[in-house]
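Enquirer: First the structure, which I've put down as structure tokens, then a few questions once you've had a look.
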Amino acid sequence: MNYFRYILVLCVLFSANVTWAQQQEQKEREPGHYNQSKFRQMYEEFATPNTYRSASGSPGPDYYQQQADYKMDIELDDENARIYGVETITYHNNSPDDLEFLWVQLDQNVRAKDSKAPLRNGNGVSLAYRTGQFAGQYMNAPFDGGFKIEYVRDANGRPMPYTVNQTMMRVDLARPLKSGEQYSFDIKWWYNIPNHTVDRARSGYEYFPKDGNRAYVIAQFFPRMAVYSDVDGWQNHQFWGSGEFALPFGDYEVNITVPADHILDATGELQNRKEVFSKEMMKRYEQARKSYDKPVIIVTQEEVEELEKGFSEKKKTWRFKARNVRDYGFATSRKFIWDMQAVRIGNRDVMAVSLYPKEGNPLWEEYSTKAVASTLRSYSKFTFDYPYSKAISVHARNQGMEYPMICWNYGRPNEDGTYSDRVKYGMISVIIHEVGHNFFPMIVNSDERQWGWMDEGLDTFMQYLAEQEFGEAFPEAIAPNEKYPSRRGDPSKIVPYMSGDQSTISPIMSNPENVYQLGPNAYAKPATALNILRETVMGRELFDHAFKTYAQRWKFKHPTPEDFFRTMEDASAVDLDWYWRSWFYTTDYVDIGVKGVKKYYVSDKPGKKMREYMAARNISENDLPPLVYLAEEGSEDFDPELKGKNLLETSQTLKEFMMDNMTAEERKSIK
């Protein structure tokens, strides 16, 4: 009998399997798939850790970086708006590789007559142009820009073979430069300085027709070494205009000869102050070094108005030294008013400095140096103490550019000295942003040409924090506003971009040259992502510690995106792979809505869905431990009497649990 029942059961099971298989054959099988979860780890996207860059996001035991030292003699020809230079580059090969040649950057060649930049960047005829841009592009003869290289020589004066390809120059070596060796060579060059108000150059001059003077903001003005690293080897991507700079650190000795009546400041420590300063300027400078609450004017507006008339034919050489900087810039004009004050950062004093023509007043005298000082305090608090001796804000029309210790900033009042809130806040914000770039990327030295967001996004995020602190420190400057009206950083302001036309939106992890809307992509979106991370996902304490850890790990080094992402997780114990993927690697956006609200009541009896669940598994109520059931209001078996009762009346199980596990006082406190 038992044998017969066993055979019968097997036959039933076989029949059921055949029926199931036949049903499956009639149904088209869905293909298998890989793990596409948005919460999977970023193993495929991130570079594999190695001895140069560790899995924690910190530099590895074999991390290296090259060094390029410069000695330069520079002369400005003010009459012809031309600059001449001779430089000696000493290149230190700290890599484990032998180098057959060296790559030198020639950024000024982006404006050479044969430059491919206009074709590379062009997208047809625009519907509107800035007036100066239209005049320069369609009405003037093409500007004769670009470096004129007179020679490239080795340390013994012998000519060296070189090849110029647009904005890059390959210098061929007689023998490979071995690991651990250094090599010195000389370059002599000159170029015509562009009018930056016409062609939107990142440096150049502005001409003032009323007095015939020029104000110069000079950068990218000398042939500069390219970066050689463990990540890319030579970073010799061309400079087309949008992707900014990748540069090695080095020490600089720079002598700059200008007309004797010019006022000049630059990257580095001035070595011959007593030679170039008047006695009155020296006296005011010493006062400024002790003034922590307000700027001291070194060169007054009245003195500048006299200088504007002079046009001295004599020359004066300003001598500077700078250690451990990645680039160099200077500003010079007989139009510059000059003020400065001391700022206490950590255990040392830093000078906050401003240079501006009278056309910038009263706005610049009131707010520029104040904004510089506030920025140094805020950024130092969230990253590391500012390590350089000064930070300079230079007024330049329509400019917003940054270099070590010096930056150019827009914000000009009307001719009668009046200005709108838009002009005032625009000026303060751009000063905070550009001074902040001293931290990212001048010190935390990321590759701007490949990853624009690593400096612009982090700096814009920090700018948001610094603007809010500026408003708290100077409430009179933002009155009647109670908070500083930041343009970027607040999540609500990125919504139109992220929910816009997907065909014009790129992931943050895109090269700046391949992005349609660079401002939202490299500045606003990453800043918003970090703000949300700080305020919502991680919380301020964890975020601030992790962000400071990243800044301190990578100051005076070359980080990659993975170094940042890994450090933020390493220093916080928060898994953020899902966050990096959605915000930085895709153009996804959150679209959350409430579809409906359901109300449930506690019951002693299982509802229809629960009974079906139990029946499918051949389970009875007696098979289950004491349970509290939930009944959905409006369901077909909902008992309306549940509405008028409290929890202890609708669930005997819950009542017994509370009687056994809670005191009378505890039961009374439960709502």
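Enquirer: ³J(HN,Hα) across segment 253-269 via Karplus (A = 6.51, B = -1.76, C = 1.60, θ = phi - 60°), whole Hz, x for Gly/Pro?
Expert: Per-residue couplings from phi come out as 10, 10, 10, 10, 9, 9, x, 5, 9, 7, 9, 9, 9, 7, 4, x, 8 Hz.
Enquirer: Figure the gain on full extension for Thr653 and Asn398 (residue separation times 0.36 nm, minus the Cα-Cα span) and round it to one decimal in nm.
Expert: 84.4 nm is the gain from fully extending Thr653 to Asn398.
Enquirer: Take the Cβ-Cβ distance between Arg273 and Ile592 as r, set R0 to 56 Å, and report the resulting FRET efficiency rounded to the nearest 0.05.
Expert: Efficiency for this residue pair is about 0.40.
Enquirer: Would you calculate a helix-derived [θ] at 222 nm for the chain, using -39,500 (n - 2.57) for each DSSP H run of n ≥ 4 and dividing by the full residue count, to the nearest 500?
Expert: It comes out at -8000 deg cm²/dmol, rounded to the nearest 500.
Enquirer: Compute the normalised compactness of segment 377-443: alpha-carbon radius of gyration over 2.2 N^0.38 Å, N being the residue count.
Expert: Rounded to two decimals, the normalised Rg is 1.21.
Enquirer: Can you tell me which of 471-479, 265-273 comes out highest on packing, and rank the rest after it, using the mean Cβ neighbours within 10 Å?
Expert: Those peptides, ordered most packed to least, come out 265-273, 471-479.
Enquirer: Calculate the translational D of segment 557-628 in whole µm² s⁻¹ from Stokes-Einstein, where the hydrodynamic radius comes from the Kirkwood formula applied to all Cα pairs, the temperature is 4 °C and the viscosity 1.567 mPa s.
Expert: Value of D from the Cα-based Kirkwood radius: 73 µm²/s.
Enquirer: Compute log10 of I(q)/I(0) for segment 527-593 with the Debye formula, placing one identical point scatterer on every Cα and leaving out solvent, at q = 0.20, 0.24, 0.28 Å⁻¹, to two decimals.
Expert: Debye intensities relative to I(0), on a log10 scale: -0.83, -1.13, -1.37.
Enquirer: How far apart, in nm, are the 7 Å Cα→Cβ label points at Asn414 and Asn481?
Expert: According to this spin-label approximation, the distance is 2.1 nm.
Enquirer: Using only Cα atoms, locate the centre of segment 336-350 and the centre of segment 233-302, then give the distance between them in Å, rounded to an integer.
Expert: That distance is 13 Å.
Enquirer: Would you please state the base-10 log of I(q)/I(0) at q = 0.06, 0.08, 0.11 1/Å for the chain, with intensities from the Debye formula using one equal scatterer on every alpha carbon?
Expert: -0.47, -0.70, -1.16
Enquirer: If you average the alpha carbon positions of segment 137-203 and of segment 615-657, how far apart do those two centres end up, in angstrom?
Expert: Between the Cα centres of segment 137-203 and segment 615-657 lies a distance of 83 Å.
Enquirer: Follow-up question, since we're still on this one. So if I take the centroid of the Cα atoms in segment 545-561 and the same for segment 97-119, what is the distance between those two points in Å?
Expert: If you average the Cα positions of each part, the centres end up 29 Å apart.
Enquirer: Would you mind calculating the gained length between Glu150 and Trp234 on full extension (0.36 nm times residue separation, minus the Cα-Cα distance), in nm to one decimal?
Expert: Length gained, Glu150 through Trp234: 27.8 nm.
Enquirer: Here is a follow-up. Just need the relative contact order of the chain here, percent rounded to a whole number, with Cα pairs under 8 Å and 6+ apart.
Expert: With pairs under 8 Å counted, the relative contact order is 11 percent.
Enquirer: A follow-up question, please. Would you pull out the residues with amide H under 5 Å of Glu150's amide H, same chain only if 5 or more places away, H placed 1.01 Å from N?
Expert: Lys188, Trp189, Trp190
Enquirer: Another question, if that's okay. I need the fraction of alpha carbon pairs in segment 490-529 separated by more than 16 Å, rounded to a whole percent.
Expert: The calculated P(r) of segment 490-529 puts 24 percent of pairs beyond 16 Å.
Enquirer: Measure of size requested: the Rg and Dmax of segment 177-231, with Cα atoms as the atom set and Å as the unit; please supply both.
Expert: Spelled out, the Cα radius of gyration and Dmax of segment 177-231 are 17.6, 57 Å.
Enquirer: Of the trypsin sites (Lys or Arg not before Pro) in segment 435-512, which ones lie in a loop per DSSP and count no more than 12 other C-beta atoms within 10 Å?
Expert: In loop regions of segment 435-512 (DSSP not H, G, I, E or B), the sparsely surrounded trypsin sites (Lys or Arg not before Pro) are Lys483.
Enquirer: How large is the convex hull of the C-alpha atoms of segment 60-100 per residue, in Å³?
Expert: Value for segment 60-100: 105 Å³ per residue.
Enquirer: Can I ask one more? In Å and from the alpha-carbon atoms only, list the Rg and Dmax of segment 600-669.
Expert: Both quantities, over Cα of segment 600-669: 13.8, 43 Å.
Enquirer: Now for a separate question. Taking the chain as the reference, fit the longest principal axis to its C-alpha atoms, fit the long axis of helix 279-288 to the helix C-alpha atoms, and give the angle between the two in degrees, 0 to 90, nearest 10.
Expert: Roughly 20 degrees between the two axes.
Enquirer: Counting other Cβ atoms within 10 Å, keep those with at most 11, restrict to DSSP loop, and tell me which trypsin sites (Lys or Arg not before Pro) in segment 304-339 are left.
Expert: Passing sites in segment 304-339 are Lys309, Lys314.
Enquirer: Please work out the FRET efficiency for the pair Glu621 and Arg667, using the Cβ-Cβ distance as r and a Förster radius of 22 Å; give the result to the nearest 0.05.
Expert: Result of the calculation: an efficiency of 0.25.
Enquirer: Which value, in Å to one decimal place, does the Kirkwood hydrodynamic radius take for segment 250-367 when every pair of different Cα atoms is included?
Expert: Result for segment 250-367 stands at 15.1 Å.
Enquirer: What are the ³J(HN,Hα) values, in whole Hz, obtained from phi via the Karplus relation 6.51 cos²θ - 1.76 cosθ + 1.60 with θ = phi - 60°, for each residue of segment 653-663 in sequence order, with x given for Gly and Pro?
Expert: Each residue's phi maps through the Karplus curve to give 4, 5, 4, 5, 4, 5, 5, 7, 10, 10, 7 Hz.
Enquirer: I need Ser54, Ser374 ordered by Cβ neighbour count within 10 Å, fewest first.
Expert: Ser54, Ser374
The numbers here are math on the coordinates, done by the rules we state, and not lab data. For clarity, every value in this text was computed on a predicted model and none was experimentally measured. Virtual Cβ from ideal backbone geometry, glycine too; neighbours counted across all protein chains shown.
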